[in-house]
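Presented below is the structure to which this report refers.
The values are calculated or read from the model by the stated rules, or taken from the named source; none is laboratory data. All values reported here derive from a predicted model rather than from experimental measurement. No Cβ is skipped: glycine too gets one built from the backbone with ideal geometry, and neighbour counts run over all protein chains shown.
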């Protein structure tokens, strides 16, 4: 292989197309994962077993090569710590080569990784990060403060900001201070009380390389596996990091991640024992795999969202009565049953259901008479026609959800014309953030992080063009306080605005379905919406 095919080609987020983030990630298997049951449910055909190592009661076995299959890869794939996680298959790779300061654990809460602590210093306008000691990069270099400062400098380079740039704008990059080899002081331009959870949000790809690492260099991280080979769009091979800072891990000798062109070929690969595991399967695929001996499936309830997006600055959705009417039109359980095969939890038009500050009192059921009343109040009495844009690029279930919405809206005299856009065009420059009425998909993010992504005038992915000065002020007030009770009150106020005035309809929180050969141990489900337990392959082992 040439160097260009083995390593990153040095593309910037702008060259890769940062707006395509949702498209690339959601097209992993071309479908939403969908399921019912408890947080993590294991089901399978003959020979199915428990989903977790603790439940299996077996001791991890050393050795072996784990073969993972996924879709969504292309010739532009990268092993860059700054870009590799733009796709889900990219995340599967970089999650095992590199590590972040913090990440979301399988329950959606902040988990410290390379950082041991992130605490405000006096106020939320200044933070101190204390780093984990005894960590080395794959080339033997000790990890420390210089690497973290370099990371922030690269992400916030004013000439070419990287993937995390939109979320880290409060950081005063010129004021970064090394206290000692394992302590960094981070000043903020404005208070940033949600700094740790915003750093942990999945989409920002905040993996830390060694100071001085440049695009095109050999991948060097602190993760459980080391770079062996990489052919973009085809296959990557990693070997165990024998000097990994977590004692006894990884259990495997090597990890191979193979790209498949479509979900059908992926499922066939698992059935024929060409791979050991995969994720993001459909309910139909799960049903087929369950009947096969030697395969088990894992279903995870998640905090992911698959909203209908309403531009609040485009008629007729400028009228809050219309937006509320559309929410009341939906029979949510029926939509889940029909479009998602029952594989989802009921959503109530507010994001981030796993957040400790999520207001569970906000619930909405179908009320067709209320919808008619609100539409009549807005001047539409059985005479409203609107176009809904959708695509399989969002999830395979998206066009089905659109069809169910169309059918349910008829009861209130609303005519919905569906425009199904091609997968290659939906996340282009003129569709998903431009159309008045569309659809989107996000893995779970903590609430203030999701707001920063989507609902502020400065948000990089603002499908709804929501711009409410009261709401924005509440966001900044919530980031100013370090009092948990006060912050919760402010967040609850924001969520009431989402519920009553916002631009999202969230009828469901989709589930995720993974599948494995029955000799794969150590795997768990994940509530954040990523596949295969967040690709945490350091915990996996092969029983035979």
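Collect the residues in the stretch 372-394 that are under 15 Å from residue 426 (Cα atoms), at pLDDT below 95 and surrounded by fewer than 21 Cβ atoms within 10 Å (Cβ to Cβ), keeping them in residue-number order.
392
Would you mention how many residues in the stretch 404-428 are part of a loop (DSSP other than H, G, I, E, B), more than 30 Å from residue 199 (Cβ to Cβ) and modelled with pLDDT under 95?
At the first step, the residues of the stretch 404-428 found to be part of a loop (DSSP other than H, G, I, E, B) are 413, 421-422, 427-428.
Checking the rest, the ones that are also more than 30 Å from residue 199 (Cβ to Cβ) come to 413, 421-422.
Imposing the further condition that a residue be modelled with pLDDT under 95 reduces the set to 422.
The qualifying residues number 1.
Inspect the stretch 195-207 for any residue being over 30 Å from residue 490 (Cβ atoms) and either in contact (Cβ under 8 Å) with a residue 24 or more places away in the chain or more than 22 Å from the chain's Cα centre (by Cα) (or both) and give the result as yes or no.
Scanning the stretch 195-207, I find at least one residue that is over 30 Å from residue 490 (Cβ atoms) and either in contact (Cβ under 8 Å) with a residue 24 or more places away in the chain or more than 22 Å from the chain's Cα centre (by Cα) (or both), so the answer is yes.
Does residue 397 count as touching a strand residue (DSSP E or B) at 6+ places or on another chain (Cβ under 8 Å) and at pLDDT below 95?
Here the answer is yes, as residue 397 does meet what is asked.
Taking the stretch 358-385 as the region of interest, how many residues are part of a loop (DSSP other than H, G, I, E, B) and under 27 Å from residue 305 (Cα atoms)? Even if it seems obvious, please write down each step before you answer.
First pass over the stretch 358-385, keeping only residues part of a loop (DSSP other than H, G, I, E, B): 358-367, 378-383.
Filter again for under 27 Å from residue 305 (Cα atoms), leaving 358-367.
Residues that pass the stated criteria total 10.
Show the residue pairs that are 6+ apart or on different chains and have beta-carbon atoms under 6 Å apart, the first residue being within the stretch 118-135 and free of Cβ contacts under 8 Å to residues at least 40 places away in the same chain, the second being surrounded by fewer than 17 Cβ atoms within 10 Å (Cβ to Cβ).
119/128
State which residue is surrounded by the fewest Cβ atoms within 10 Å (Cβ to Cβ) when the search covers only the stretch 528-544 and only residues that are under 19 Å from the mean Cα position of the chain (by Cα) and in a loop (DSSP other than H, G, I, E, B).
My answer is 536.
Checking residue 164 against (1) surrounded by 21 or more Cβ atoms within 10 Å (Cβ to Cβ); (2) under 21 Å from residue 449 (Cα atoms); (3) touching a strand residue (DSSP E or B) at 6+ places or on another chain (Cβ under 8 Å), which test does it fail?
(3)
So, residue 238, is that one assigned by TED's automatic domain parsing to the domain that holds residue 464, buried (at least 23 other Cβ atoms within 10 Å of the Cβ) and touching a residue at least 40 places away in the same chain (Cβ under 8 Å) or not?
no
Which of the numbered conditions does residue 246 fail, given that it passes all the others? Conditions: (1) surrounded by fewer than 17 Cβ atoms within 10 Å (Cβ to Cβ); (2) in contact (Cβ under 8 Å) with a residue 12 or more places away in the chain; (3) under 30 Å from residue 144 (Cα atoms); (4) out of contact with any helix residue (DSSP H, G or I) (no Cβ under 9 Å at 6 or more places or on another chain).
(4)
Within the group 202, 162, 156, 176, which residue is within 30 Å of residue 486 (Cα to Cα) and at pLDDT below 95?
The match here is 202.
Mind telling me which of the residues 267, 325 ends up being within 26 Å of the chain's Cα centre (by Cα) and at negative phi? Please lay out each step first, then the result.
On the way: 325 fails: within 26 Å of the chain's Cα centre (by Cα).
Checking each option against the conditions leaves just 267.
For the stretch 141-164, indicate whether the set of residues that are free of Cβ contacts under 8 Å to residues at least 12 places away in the same chain and more than 28 Å from residue 226 (Cα to Cα) is non-empty.
yes
Residue 338: within 15 Å of residue 510 (Cα to Cα) and touching a residue at least 60 places away in the same chain (Cβ under 8 Å), yes or no?
yes
Where in the stretch 265-357 are there strands (runs of 3 or more DSSP E), lying fully within it, with 2 or more residues that are touching a helix residue (DSSP H, G or I) at 6+ places or on another chain (Cβ under 6 Å) and surrounded by 22 or more Cβ atoms within 10 Å (Cβ to Cβ)? Give the steps one after another, and end with the answer.
Values: elements: 295-300, 308-310, 344-346.
Those strands (runs of 3 or more DSSP E) span 295-300.
Just to be sure before I move on: is residue 418 loosely packed, with under 15 Cβ neighbours inside 10 Å and touching a strand residue (DSSP E or B) at 6+ places or on another chain (Cβ under 9 Å) in the structure I sent? Full working, then the answer.
On the way: loosely packed, with under 15 Cβ neighbours inside 10 Å: yes; touching a strand residue (DSSP E or B) at 6+ places or on another chain (Cβ under 9 Å): yes.
The answer is yes for residue 418.
Scan 366, 410, 324 and give me the residue that is farther than 24 Å from residue 529 by Cα and free of Cβ contacts under 8 Å to residues at least 12 places away in the same chain. Walk me through how you get there before you give the answer.
Numbers: 366 fails: free of Cβ contacts under 8 Å to residues at least 12 places away in the same chain; 324 fails: free of Cβ contacts under 8 Å to residues at least 12 places away in the same chain.
Of the residues listed, the single one that is farther than 24 Å from residue 529 by Cα and free of Cβ contacts under 8 Å to residues at least 12 places away in the same chain is 410.
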